[in-house]
Amino acid sequence: MNIQTTKRMTAAEVALVEAYTEQVGDLPGDASVTSTRDRLLDDIKNTGLPTRRVESWHYTDLRTLLRSVPAPVAAAPSLETIAPLVDGSKVLPVLQGSASASASVEGVEVSSFADALLSGAAASGLMALDRDDAIGKINGSLVRDGYALAVPAGAEIETPIELQALHGAGQVHTRFPAVFGAGSKATIIERHRSATGEAALVSSISDVTLEDGADVVWVIMQEQGADDTHLGQIRVRFGADAKLKLFVVNAGGKLVRQELRIDVEGEGSELTLRGVNLLGHETHTDVTLVLGHNVPHTNSTEIIRNVVFDRARGVFQGMIRVAPDAQKTDAKMACNTLLLTDDGEFSVKPELEIFADDVICGHGATVADIDDNHLYYLKSRGIPENKARAMLVNAFVAEVVEELEDEKLVEALESVISAWLEKHA
Amino acid sequence: MPAVQETIDQVRGIDIDQYKYGFETIIEVDKAPKGLSEDIIRFISAKKQEPDWMLEWRLDAYRRWLTMEEPTWARVDYPKIDFNDIYYYAAPKNVTGPTSLDEVDPELLKTYEKLGIPLREQEILAGVKTSKVAVDAVFDSVSVVTTFKKELQKAGVIFMSISEAIREHPDLIKKYLGSVVPTTDNYYATLNAAVFTDGSFVFVPKGVRCPMELSTYFRINEKNTGQFERTLIIAEEGAYVSYLEGCTAPQRDENQLHAAVVELVALDDAEIKYSTVQNWFPGDAQGKGGIYNFVTKRGDCRGHRSKISWTQVETGSAITWKYPSCILRGDDSRGEFYSIAVSNGHQQIDSGTKMIHLGKNTSSRIISKGISAGRSQNTYRGQVSIHRRAENARNFTNCDSLLIGDKCGAHTVPYIEVKNASGQVEHEATTSKISEDQKFYVMQRGIPEEEAIALIVNGFVKDVIQELPMEFAVEAQKLIGISLEGSVG
């Protein structure tokens, strides 16, 4: 049935199309980029935003949940960069979706993504990953700027690089392609934050390539405002023996979808994914992982910890796909949730899709409130209940943060987490 | 990589003509023409001497079915089914009221004998005096004989074919039929509501513990007859019943469709235990033929402290699409699901369960063991849902997959939805192959490889086998062995 074509467009869909038609002359890009943008927008027009009938959006019916989309703001608000998450980091500011022309980092090739759009170099990467890739379509048609990073082979960048994306009201669509050369080392902090608290629609895609032997720490810190919609995506391709520690923190936003699309295509490579989702108020936050182990001898571990307060709704979908012939894959995934209120909810769909036999794959998922025994233990030592609860919640998420070996980074993340918990508990 | 050589041997070894029950019974059959229309439904209803309201119920379902779409979300792949190329009614001819086994067509009895169905339960269970099995044997859509009817009657238990029940107990049918799986539920359940030809009806009245295990052996026999069974089991307050369902089917070239519906209703303090051994023809070595098994099974723990337990051993069928579920409506009710799904050759299994927690203090337990070999695809798909008002709900899920050979696939798709903080949900799943260490450990004690693997597989599924009634446990273990022959060592 042609359910999609007969549907009337929702307000959000209309707003997206309008945002495009209003800006079309103004969006950077050569002919190839423009035609790609056109196609992506047509796709949104024809199929609409995904509904719960689309399996990968089952728990996040974007069509229903995305009620309104603020119009793009013509004049960018004046925004100032803030202190980096980790002291001493090199900050690459993206204010209201625009990169700074003068930004540079020693030892790293930094250019603005708008340049890649203007030259047409970015055209091929703009395509959506698949027909359900709504984030790819929205971002691809409306993206304006961002940074393209290239870390040369063998380079070891000691200072963390912070991609600091700040915004006010309106729409922000950014992209961060990053290539880490063979044997290079770097730490990237991708930070999304509302500067004014006014409602905005943010879409951002990081397109990460790890060449052979690269060793990268990538942190996504999402602290959007209570009225913001954040559609984030990170795409990762692994070379042989490459290592990635990916750390995702969600601590804000009204409607959040973080997609992690990871393809392990190099033998001997290793992914460590850790996630902390702090959900409060009326947020709907969805972390969706699609991890393909496509070659033999690769490892991955994923641990996601969620804390649900108030009327928040959380989703974790984690699909691990082991391709035929990807023997000796070792993949372990865990998703643990503390559901602290009866008004909140959490849905988990950890999926295993395995086509090779000599593998060790497993997943575990738990959802529960704080253990009464734990609480009793602390209370019997004279700690008041609310404090005891706070300690237990803190310990629950701190455990995964501590796995990041970088002390400064651990401290920085812990301080964000405790500040958030203090505000909500 | 050791896996490669192993696989070559395994795939070569898989010649699924090992299906042992591939014979055919030649008896006259009374059947309706191929195809589906309102006339066919009227024909079926008339044949069954059904009252008008039943015909209306069927026609209503049929009209709705016409507007529905075939589901495509399951991880199974098969050519489109032509629903007009199927016989919807076939009944063994000399069916006019046999009162004892002696009057039954000897051809039929021979078939059962070959299958080893315990029609003469004393012979089968010689020496086990306390355990009795009543068989309502379904032979191509019509219950031919029902034993033990009298003893059951004494206890007040009603155990008869659903067609009889529609005639004799219309009040119970009207009250319960379609109350768990509504006619609008899903494509195949709706089709079943329109055309179901037979099945079992069990009613265990208040406070009665059914004196024996009830059992139905399904057997698809006539070429191209889809079997549309409808089973309805009701356990009133404090009642208990254990029901066994076992299946075999003769070898065929053409695919056969089986779309059954099973409804269980447990009232306060009642308990229903439903066990299945499914061993239908899985198709040949090329993946040709085999049964399509699209079943809707659902239990409703309607009363407080009620319990429903599903145990299944799935070794047959080309395609299985089956999710025995529990709706835990009553407070303190409990649902259980124990499953072994073995796939070999080109079989495709997409099976699992749903545990819907609605009442307070409800608990559920899911143990699923999948074994895939050959070129088969074996998917566990399950849902655990804790609703807003389900205080103190508890779920434990464990699904393990074992892979034998590197051409097969094992998939796990659990959906976990929690809306109440007092709920406690645990889920764990693992996928691996039999480790060389395990095999070595057993073999170095002088046990040949094939037996070693069989032993390890038996250990892998032990948790579920233990849940089967004694009569079934033995058969189940044998079946798993037969299904994996040629693929294990």
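Ordering A:THR341, B:THR231, B:THR379 by the number of other Cβ atoms within 10 Å of each residue's own Cβ, fewest first, gives A:THR341, B:THR231, B:THR379.
Close amide-amide hydrogen proximity is noted between B:GLN383 and B:THR353, B:LYS354, B:MET355, B:TYR415, each under 5 Å apart and 5 or more residues distant or on a separate chain (H modeled in the peptide plane; Pro and chain starts excluded).
Working note: 222 nm ellipticity from helices only, DSSP H runs with n ≥ 4, each -39,500 (n - 2.57), summed and divided by the residues of the protein assembly as shown, gives -7000 deg cm²/dmol to the nearest 500. When 1/r is averaged over all different Cα pairs and the result inverted, which Kirkwood radius in Å belongs to segment B:322-432? Over segment B:322-432, the inverse of the mean reciprocal pair distance is 14.1 Å. Determine which residues of segment B:379-416 fall in the zone a paramagnetic label at B:ARG365 would reach in this model, i.e. backbone nitrogen under 16 Å from the point 7 Å along Cα→Cβ. Within reach of a label on B:ARG365, which here means backbone N under 16 Å from a point 7 Å along Cα→Cβ, segment B:379-416 contributes B:394-400. If you plug the beta carbon distance of A:LYS45 and A:THR81 into 1/(1 + (r/R0)^6) with R0 = 41 Å, you get a FRET efficiency near 0.65. Residues A:LYS243, A:LYS349, A:LYS423, ranked from the fewest to the most other C-beta atoms within 10 Å, line up as A:LYS423, A:LYS243, A:LYS349. Within the shell defined by Cβ-Cβ distances under 12 Å, the residues around A:ASP325 carry a net charge of -2, with Lys and Arg each +1 and Asp and Glu each -1. Spin-label model, B:GLN153 to A:GLU385: label points 7 Å out along the Cα-to-beta-carbon direction sit 6.2 nm apart. Taken residue by residue and averaged, Cβ atoms of other chains lying within 10 Å of the Cβ of A:320-330 number 2.
Seen from B:THR184, the other residues with C-beta closer than 12 Å to its C-beta sum to a net charge of 0, counting Lys and Arg as +1 and Asp and Glu as -1. Counted over the protein assembly as shown, the DSSP beta bridges are approximately 10% antiparallel. Estimated at 0.36 nm per residue, the fully extended path between A:GLU422 and A:LYS332 surpasses their Cα-Cα distance by 29.2 nm. Calculated FRET efficiency, A:LEU392 to B:GLU168, Cβ-Cβ distance, R0 = 51 Å: about 0.25 to the nearest 0.05. For segment A:88-369, the equivalent ellipsoid built from the Cα gyration tensor has semi-axes of 27, 26, 16 Å, listed from largest to smallest.
Legend: calculated FRET efficiency, B:LYS80 to B:ALA285, from the Cβ-Cβ distance at R0 = 30 Å, rounded to 0.05, equals 0.80.
Residue by residue along A:363-375, Cβ atoms of other protein chains within 10 Å of the local Cβ number 5 on average. A straight chain from A:ARG311 to A:ALA182 at 0.36 nm per residue would run longer than the Cα-Cα distance by 41.9 nm.
Over the protein assembly as shown, all Cα pairs binned in 10 Å intervals from 0 give whole-percent P(r) values of 2, 11, 19, 21, 18, 14, 8, 4, 1, 0, listed from short to long.
Of all the options A:LEU260, A:LEU289, A:LEU340, the one that moves most in a Gaussian network model of chain A with Cα springs shorter than 10 angstrom is A:LEU340. Sorted fewest first by neighbouring Cβ atoms within 10 angstrom, A:THR285, B:THR67 come out as B:THR67, A:THR285. Of the peptides A:413-419, B:391-397, A:228-234, A:244-250, the ranking by mean beta-carbon count within 10 Å, highest at the top, reads A:228-234, A:244-250, B:391-397, A:413-419.
Between B:MET68 and A:GLU399, the distance separating the two model label sites (each 7 Å from Cα on the Cα→Cβ line) works out to 4.4 nm. Modelled label positions at A:THR341 and B:GLU450, each set 7 Å beyond Cα in the direction of Cβ, lie 6.3 nm from each other.
Between their Cα atoms, which of A:LYS349/B:LYS297; A:LYS45/B:LYS80; A:LYS328/B:LYS288; B:LYS288/B:LYS462; B:LYS273/B:LYS354; B:LYS80/B:LYS297 are more than 28 Å away from each other? Over 28 Å apart, Cα to Cα: A:LYS45/B:LYS80; A:LYS328/B:LYS288; B:LYS288/B:LYS462. For segment B:76-81, putting each phi into the Karplus relation 6.51 cos²θ - 1.76 cosθ + 1.60 with θ = phi - 60° gives couplings of 9, 9, 7, x, 4, 7 Hz, in residue order, rounded to whole numbers and with x for Gly and Pro. Pick from A:SER300, A:SER380, A:SER203: which residue has the top mean-square fluctuation in a GNM of chain A where Cα pairs under 10 Å get a spring? Its mean-square fluctuation being the largest, the pick is A:SER380.
Only the coordinates and a few stated rules stand behind these numbers; no lab work does. Quantities reported herein were computed from a predicted structural model and do not represent experimental measurements. All Cβ positions, even for glycine, are placed from backbone atoms using ideal geometry, and neighbour counts span all protein chains on display.
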